[in-house]
Structure formats: C-alpha cells, structure tokens
Amino acid sequence: MSKVFLIFICLFCVQDNEPFLVWSGANKLSWNDFKGAPKMDEAAVANTASGITFRYSVTKTDKDEVVGFTTEVFAHFYPEKSWYKKERATTHILGHEQTHFNITELFARKFRYRISKLNISNSIKQELKILYKTINAELAVMQKKYDSETDFSRNKEAQATWDVFMRSELEKFSKYALN
C-alpha cells in the first residue's frame, strides 16, 4: 500500500480566495489587470506582483520509501497586489511590467527543467525545497538586474534589448512551458 503526501508551497502567502492570473503566451497583461491601489508616495508608475507557486506530491511505500513524485509549477500574477498610476501609465510602461511577468515565467520554466533532472530518492522533498528557494533567489536577482539596467523602463534602448533577450530565453525553455 502506498501513501501520497501533498504539500503546497508558494512564494507569497496567498489566501485561497486571492485572485491570480496564470502566465500565458497568448494573453498579455493589460492595465485592467492591475487592481491594487497605487502607492502615490512612490516614484514608480506601476508595480507587478508575480511569483512562482508550486506543489508536489510524493508517493511512498508502506515502508516509507519514496518511489515517485509529481510537481506542478506556475507563474502567477496577483492583480490585487499589482497597481499603476493612471495619469502616468503608458503602453511602454505596460510592456516593462509584462517583461517582469515574463521573467517570472522564465524562472518557472527553469524550475520545471531542474525538477526534470532530479532523481527519485528519500530526500526528494528536501531537494525540491532547496531548489525552490534557489530558483526564487535567482528570480529576485534577475528582476532587480532588469530594473537596474532598464532604469525602471526609462532606458528605452536597454528595454528593447531586454525584450529581445526575454523572447529568446522563453523560446530556449519552451519545452518547459505549460501551454
């Protein structure tokens, strides 16, 4: 007889009823997706709240030996935590925010890729937790680098370079896309 354990881990402490959008190449963000109250005391024109969520299940024998595991990984956008200042919003800035979400999707794909390389073992739960922590740290570094290099979208040449880079990276990991 085997036992199945299901563990849900997410980047944000998301309540069960908190709305989210799953990344899709077919659907781009619109300003209507940004439902949070703008932070008028901040210089930023917009803020994208996105993150990687994942869950996994581990199958064990009645002797507590791991014999299998499955995972689900998603790039989510959180409308209630995302905001923009209507009077300063432009399509260029919306593109910048879309790229933030695209970066999240890239790291979801990288996470799926790295999971595919794992071997079944009794330490799989710990390996998945470490991998999740590592991928989120790498995601945070890239998000900061993106804002720094594009000067939060103000450097249009750098923004265009990042847009090309992200299309290339998403294509490179297309095998690990959900859709």
What value, in deg cm²/dmol to 500, does the helix sum -39500 (n - 2.57) over DSSP H runs of n ≥ 4 give at 222 nm once divided by the residues of the chain? -13500 deg cm²/dmol
Could you give the distance between the Cα centres of segment 129-154 and segment 102-120, to the whole Å? 15
Using the membrane-span-like helix rule (whole DSSP H runs, Cα extent along the own axis of at least 30 Å, mean Kyte-Doolittle hydropathy at least -1.0), which helices of the chain qualify? 91-116, 124-150
Got a number for the accessible area of Glu72? Probe 1.4 Å, square angstrom, nearest 10. 80
Residues of segment 88-110 with amide N under 18 Å of a point placed 7 Å along Cα→Cβ from Ala160: 91-97, 99
Separation in nanometres of the label points that stand 7 Å from Cα toward Cβ, at Ser174 and Ser121: 3.4
What's the local net charge at Glu149, with K and R +1, D and E -1, over the other residues with C-beta under 14 Å away? 0
Given contacts defined as C-alpha pairs under 8 Å and at least six residues apart, what's the relative contact order of the chain, whole-number percent? 24
Lys60 accessible area, 1.4 Å probe, all protein chains in place, Å² to nearest 10: 20
Student exercise, segment 77-179 dipole from Lys, Arg, Asp, Glu Cβ charges, in Debye to nearest 20: 400
Roughly how big is the chain's charge dipole about its Cα centre, with Cβ charges of +1 (Lys, Arg) and -1 (Asp, Glu), in debye to the nearest 20? 360
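The values are calculated or read from the model by the stated rules, or taken from the named source; none is laboratory data. As the structure is a prediction and not an experimental result, all values here were calculated from the model. Every residue, glycine as well, gets a Cβ built from its backbone with ideal geometry; the counts of neighbours run over all protein chains shown. Surface accessibility is based on the protein's heavy atoms, side chains included, excluding ligands, DNA and RNA. Shrake-Rupley method; radii C 1.70, N 1.55, O 1.52, S 1.80 Å.
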